[in-house]
Amino acid sequence: MNTAAEPLAPASRHEPGAPRAATGAATPFEVWLVRILVAASFTFCFLPANFTWGNDDFEANLSAGSLATQLEFGSIFLGGAWLAWRHPEWTLLRLRRANIFLVAFVAFALVSVAWSAYPVVTLKRATQLVGFFLVGTAISAPVGSSRQVLQVLMATLTTLLVISLIVVAVNPRVGIDTMLGNAWRGLFLQKNTTGQAAAICSLLWLRECVGSRLFPRGVCVTALLFSLFMLVMAKSSTSLLVFLIGATLYLCMRRQYVVTRMPVWAPVMAVVALVLLAVHVFYVLNGHLPGWDDIAGSIGRLFGKDSDLTGRTDIWDLVMMEVRRHPALGTGYGAFWLGLGGPSDYISRELYWIPLQSHNGYLDVINELGLAGLGIALCVFARHLLLLSRLIAIDREEGAMHFVIFVLLLIANVTESELFRGTLFYNILFFYSLCSVASQVVLQDVVEASERSAPESVARVGA
């Protein structure tokens with residue numbers, strides 16, 4: 001696989017507009033800029049707005065946004081735009097061959113300004129999606145190396161966890177949440193965020209342990225144990241389960257026997273058959289088809305929660321009242337959860353606290369962009385799955401980890417809302433993963449087209 005430091009195969013006439021060999025090679029400054037953009041993206045998404053670690057004023061209306069957040073991510077978007085401008089041919093090629101449904105989703109979010117009750121808010125938040133798509137495209141191979149995004153993410157999360165450990169040791173009143181069983185939160189706002197960072201960091205160090213190319217094996221094992229220690233001390237059962245699922249899936253996917261030459265629909269049909277078999281067994285044992293309490297109760301027990309998933313179902317019922325008012329197009333992207341005085345005000349008054357999401361990413365997509373938006377999102381997933389199957393054939397280790405990230409995102413958004421949600425961690429990771437996977441597949445297509453055309457050129461010269 002090509003990297004920023006490797007020469008690229010010459011472009012082929014089978015790939016119109018493909019850049020020449022030297023066009024995609026990044027300068028040392030650009031390589032470091034890619035690293036800075038990735039590290040800054042994931043650092044800023046974890047740190048609180050305005051760098052205040054006190055209690056946020058949730059009673060304020062959230063339509064104005066944060067100036068600090070705008071400056072932080074605005075600078076990242078400008079850096080991505082500069083990189084894209086520096087390599088216009090590669091940028092255009094990757095845009096033409098990107099996940100077209102992701103482009104459609106971002107465009108639909110922008111268009112929803114037309115019917116949003118808060119068009120300025122919708123425009124600002126849709127612009128964030130445009131920015132992350134642009135940065136993801138700009139930092140992907142061959143400007144950034146094929147593994148650079150995940151390697152920089154691993155280094156960034158490790159650094160944040162080390163600083164969190166120091167915060168716990170130096171100032172336990174800030175680093176330890178005594179109200180939640182002395183769970184460690186360190187530098188982060190809450191223990192669940194610490195657990196989220198530690199879980200993904202552990203997965204990335206696990207990959208280095210089984211196939212390290214950068215560090216000695218002892219360093220990888222030590223870093224993995226440290227990440228797992230921080231995960232345990234965060235006392236986040238959800239994050240621990242995320243790591244266990246992700247680690248199991250990754251260790252299976254990286255093996256040759258998992259991926260076969262069967263059609264794409266075959267494993268999908270196998271999953272459907274297993275679900276139907278499980279429903280049949282449940283019916284035989286219990287005498288009725290599984291209802292919501294049966295399904296949610298089973299999921300909740302895995303996470304140490306009741307069948308209402310710690311009050312989430314109450315929020316879902318209230319959000320569905322809003323969905324029924326505009327099921328086709330939604331309220332407008334990002335224009336619902338705006339605190340007291342906003343469209344979600346009736347939910348806050350009903351529950352006597354102020355939620356800032358529905359705790360279900362798919363429900364939030366339907367609420368803000370309607371069934372049309374959900375349909376486009378499902379197409380994004382389907383196209384990404386096809387590209388992942390291509391990447392696994394090209395680079396099994398890299399493809400397996402991106403596949404794990406995709407599955408974890410799908411699972412996490414059943415009980416949390418980070419799907420297409422601006423500056424949240426999983427959303428940024430998903431955008432960068434989407435762009436990285438598509439770019440690596442594009443590069444492989446360019447190389448294969450070049451190899452096919454080479455014998456033809458030799459034959460013409462011989463003639």
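The values are calculated or read from the model by the stated rules, or taken from the named source; none is laboratory data. Here the structure is a predicted model, which means the values were calculated and not measured. Cβ: placed from backbone, ideal geometry, glycine included. Neighbour counts: every protein chain shown. Each accessible area value is taken on the protein alone, full model and side chains, heavy atoms only, with ligands, DNA and RNA left out. Shrake-Rupley method; radii C 1.70, N 1.55, O 1.52, S 1.80 Å.
Quick notes
- Residue in the stretch 427-447 that is within 22 Å of Arg312 (Cα to Cα) and surrounded by 22 or more Cβ atoms within 10 Å (Cβ to Cβ) present: yes
- Check on Leu157, at pLDDT 90 or above, in contact with a Cys (Cβ under 6 Å, 6 or more places away or on another chain) and on the phi < 0 side of the Ramachandran plot: yes
- Residues being modelled with pLDDT under 95, surrounded by fewer than 23 Cβ atoms within 10 Å (Cβ to Cβ) and of a type in the set (Ser, Thr, Tyr) are represented in the stretch 189-201 by at least one member.
- Among the residues listed as Glu368, Glu350, the single one being open to solvent by 10 Å² or more (accessible area, probe 1.4 Å) and not in a loop (DSSP other than H, G, I, E, B): Glu350
- Criterion (modelled with pLDDT under 50 and not small (Gly, Ala, Ser)) met by exactly one of Arg13, Arg86, Arg35, Arg96: Arg13
- Count of the stretch 388-426 residues which are closer than 16 Å to Gln196 by Cβ, part of a helix (DSSP H, G or I), open to solvent by less than 40 Å² (accessible area, probe 1.4 Å) and modelled with pLDDT under 90: 3
- Count of the stretch 76-134 residues which are among the polar types (S, T, N, Q) and closer than 18 Å to Val38 by Cα: 2
- The stretch 51-68, subset under 23 Å from Ser344 (Cβ atoms) and touching a helix residue (DSSP H, G or I) at 6+ places or on another chain (Cβ under 7 Å), residue modelled with the highest pLDDT: Ser66
- Selection from the stretch 111-136 of residues that are over 20 Å from Tyr432 (Cβ atoms) and free of Cβ contacts under 8 Å to residues at least 60 places away in the same chain: Val111, Ala114, Val120, Leu123
- Qualifying residue in the stretch 69-80 (condition: part of a helix (DSSP H, G or I), among the hydroxyl-bearing types (Ser, Thr, Tyr), surrounded by 24 or more Cβ atoms within 10 Å (Cβ to Cβ) and modelled with pLDDT of 90 or more): no
- Helices (runs of 4 or more DSSP H) contained entirely in the stretch 128-225, each with at least 1 residues that are basic (Lys, Arg): 172-175, 191-211
- For the stretch 122-140, filtering for residues that are open to solvent by less than 10 Å² (accessible area, probe 1.4 Å) and over 18 Å from the mean Cα position of the chain (by Cα) leaves 1.
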